[in-house]
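Each reported figure results from applying straightforward, stated rules to the coordinates on display, with no laboratory input. Keep in mind the model is a prediction, meaning the values are calculated, not measured. When we count neighbours, we look across all protein chains shown, and the Cβ atoms used for this are built from the backbone with ideal geometry, even at glycine.
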Amino acid sequence: PASVPTPVPTAGAAGAAGAGLVQPAGPPLAARELLAGSARELLAAGAPDTLDDPEARYARAHLAALRAAAAVLAARAAPQPRSRRSGGVRSAWVLLAEVAPELGEWAAFFAAGAGKRAAAEAGLRGVVSEREADDLVREAESFLAVVARVLGVAHQQALPVEPSRRQGSAGPAIARVT
């Protein structure tokens with residue numbers, strides 16, 4: 001299961017009458033909350049009730065990656081006045097590649113899976129194989145770890161789910177750490 005990045009406590013603007021309280025260094029609260037939401041989605045993707053549902057695992061893993069991307073956008077993107085925006089709505093993946101070019105390959109990878117996620121969320125069966133779901137969960141976990149590192153937030157890598165668990169074995173749901 002994925003771990004939730006540890007948010008750094010922040011002092012409110014009016015906290016303790018504002019006497020000497022300073023916002024800690026690091027990403028803004030919104031970015032940390034999005035990272036925590038990403039980790040929760042990864043936990044849900046590995047929950048026992050999704051192990052036999054590759055579409056649900058795929059959709060949750062993709063959503064976890066999308067929340068991690070949103071965390072980068074929350075930390076780095078500056079809102080543009082409406083007059084300066086170039087036409088139309090752009091996906092989070094396009095914006096991520098612009099705001100954090102070092103994450104451009106990740107953005108392209110997850111953008112390519114957006115249609116499949118939409119089909120899985122729409123309830124279409126057979127659009128995602130067990131292997132694709134497992135692979136996307138692993139990639140989303142790796143992406144979350146990279147984003148946490150980029151933003152300077154502590155993150156602990158999750159342990160992978162054992163494939164044999166889905167085949168009805170009674171063993172533990174996580175792999176051994178070696």
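List the relative contact order of the stretch 60-139 as a percent without decimals, with contacts defined as Cα pairs under 8 Å and 6+ residues apart.
Rounded, it is 34 percent for the stretch 60-139.
Could you calculate the contour length gain from ASP52 to ARG40, that is, 0.36 nm times the residue separation minus the distance between their Cα atoms, to one decimal place in nm?
2.4 nm
Less than 10 Å Cβ to Cβ from ALA59, Lys/Arg counted +1 and Asp/Glu -1: what total charge do the surrounding residues give?
0
May I ask you to derive the FRET efficiency for ALA108 and ALA30 from their Cβ-Cβ distance with R0 = 25 Å, giving the value to the nearest 0.05?
For R0 = 25 Å, the calculated efficiency reads 0.50.
With all pairs of different alpha carbon atoms counted, what Kirkwood hydrodynamic radius in Å does the stretch 89-134 show?
Values: mean 1/r = 0.0854 Å⁻¹.
Mean inverse Cα-Cα distance, inverted, gives 11.7 Å.
Using a 7 Å offset from the Cα along the Cα-to-Cβ direction at both GLU98 and LEU124, what is the distance between the two label points in nm, to one decimal?
With each label point 7 Å from Cα toward Cβ, the separation is 2.8 nm.
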